[in-house]
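> Handing you a structure now.
All of the numbers you see were taken from the coordinates with simple rules; none came from a lab. Just so it is clear, the structure is predicted and the values come from calculations on it, not from any experiment. Glycine gets a Cβ as well: all are built from the backbone with ideal geometry, and neighbour counts include every protein chain shown.
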Amino acid sequence: MNLPNKLTVSRLALTVVFVALFYVPSDNREAIALIVFGIASFTDYLDGMIARQRKLITNFGKLMDPLADKILMCAALVLLSAEDKLIPAWAVVIVLAREFFVTGIRLIASSQGAVLAAEKLGKHKTAWQMITVIYFLLFQAAGEPMFRWLTPFFTWKLTSPAVLGVLCINMMVALTVVSGLSYFWKNRSLFNDA
């Protein structure tokens with residue numbers, strides 16, 4: 001297994017650690033979860049960069065890299081929706097529906113001998129998902145000793161969850177819907193037998 005693929009697999013392992021941290025009693029559990037999420041997110045950037053630079057792009061990477069992203073992102077969104085309802089359930093349902101839909105398209109392509117790589121619009125969607133998750137993880141962590149110094153940032157009106165948080169959620173949902181529709185449109189030939 002090459003280095004980019006190892007980084008992808010490590011992201012799956014870090015997702016398990018990230019989720020577990022939400023259930024560990026600790027004064028800094030969400031701060032530590034935020035750090036783990038940050039490391040896991042960085043592996044996404046790193047594995048893609050290394051794969052392109054060293055020409056180590058594989059079918060495993062094309063399939064597992066976006067799948068590892070989806071698992072990490074969906075886990076974070078579900079936890080943040082359950083935790084004090086920071087992200088509304090309807091937004092999480094839209095994200096989950098899009099991810100299942102795109103995974104279904106990839107499975108159909110795979111059954112026809114094709115592997116579909118992630119698209120640029122999908123990468124922008126993932127970036128906004130990461131921004132949204134990190135924003136709300138920081139908001140939660142600001143209530144804990146390690147990141148308490150951030151509290152003033154979230155009490156200022158423009159950077160409060162009511163303004164910046166809502167903007168992040170709306171951008172994330174909009175890009176989720178647009179990228180899902182775009183992915184379907186570009187791969188509509190897979191459904192010619194419908």
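> Using Cα pairs closer than 8 Å and at least 6 residues apart in sequence, work out the relative contact order for segment 3-188, in percent.
Numbers: 190 pairs, mean separation 48.8, N = 186.
Reported relative contact order: 26 percent.
> Count neighbours as other Cβ atoms within 10 Å of each site's Cβ, and list the GluC sites (Glu not before Pro) in segment 35-134 that are DSSP loop with at most 11 such neighbours.
Working: sites: Glu83, Glu99, Glu119; in loops: Glu83, Glu119.
Filter output for segment 35-134: empty list.
> Within 12 Å, Cβ to Cβ, of Leu138, how many net charges do the neighbouring residues add up to if Lys/Arg are +1 and Asp/Glu are -1?
On the way: positive: Arg148; negative: Glu30, Glu144.
My count for the surroundings of Leu138 gives -1.
> Can you give the log10 of the normalised intensity I(q)/I(0) at q = 0.20, 0.22 Å⁻¹, computed with Debye over equal Cα scatterers of segment 48-91?
Debye intensities relative to I(0), on a log10 scale: -0.66, -0.71.
> Something else: So which lysines pass the test for Lys125, namely a Cα distance under 16 Å, with those fewer than 8 places away in the same chain ruled out?
Lys70
> Now for a different question. Which of the trypsin sites (Lys or Arg not before Pro) across segment 69-125 are loop residues per DSSP, with 13 or fewer other Cβ within 10 Å?
Values: sites: Lys70, Lys85, Arg98, Arg106, Lys120, Lys123, Lys125; in loops: Lys85.
Passing both the DSSP loop test and the Cβ count: Lys85.
> Binning at 10 Å from 0, report for the chain what percent of all alpha-carbon pair distances ends up in each bin.
9, 33, 35, 18, 5, 1
> Looking at this model, which pairs from Lys123/Lys157; Lys62/Lys120; Lys62/Lys85; Lys85/Lys186; Lys85/Lys120 are more than 25 angstrom apart at the alpha-carbon?
On the way: Lys123/Lys157 29 Å; Lys62/Lys120 14 Å; Lys62/Lys85 33 Å; Lys85/Lys186 35 Å; Lys85/Lys120 30 Å.
Flagged as over cut-off: Lys123/Lys157; Lys62/Lys85; Lys85/Lys186; Lys85/Lys120.
> Still on this model: Cα centroid distance between segment 56-114 and segment 135-186, in Å?
One Cα centre to the other: 18 Å.
> Do you know the relative contact order of segment 51-118, to the nearest whole percent, from alpha carbon pairs under 8 angstrom that are 6+ apart?
On the way: 28 pairs, mean separation 25.1, N = 68.
Once normalised by length, the contact order is 37 percent.
> If you don't mind, there's one more thing I want to ask. Label Ala174 and Ser189 with points 7 Å out from Cα along Cα→Cβ: what is the distance between them in nm?
3.2
> Could you please report the charge total around Asp65, scoring K, R as +1 and D, E as -1 over all other residues with beta-carbon less than 13 angstrom from its beta-carbon? Mind showing how you got there, number by number?
Numbers: positive: Lys6, Arg11, Arg52, Lys62, Lys70, Arg106, Lys123; negative: Asp44, Asp47, Asp69, Glu119.
That works out to +3.
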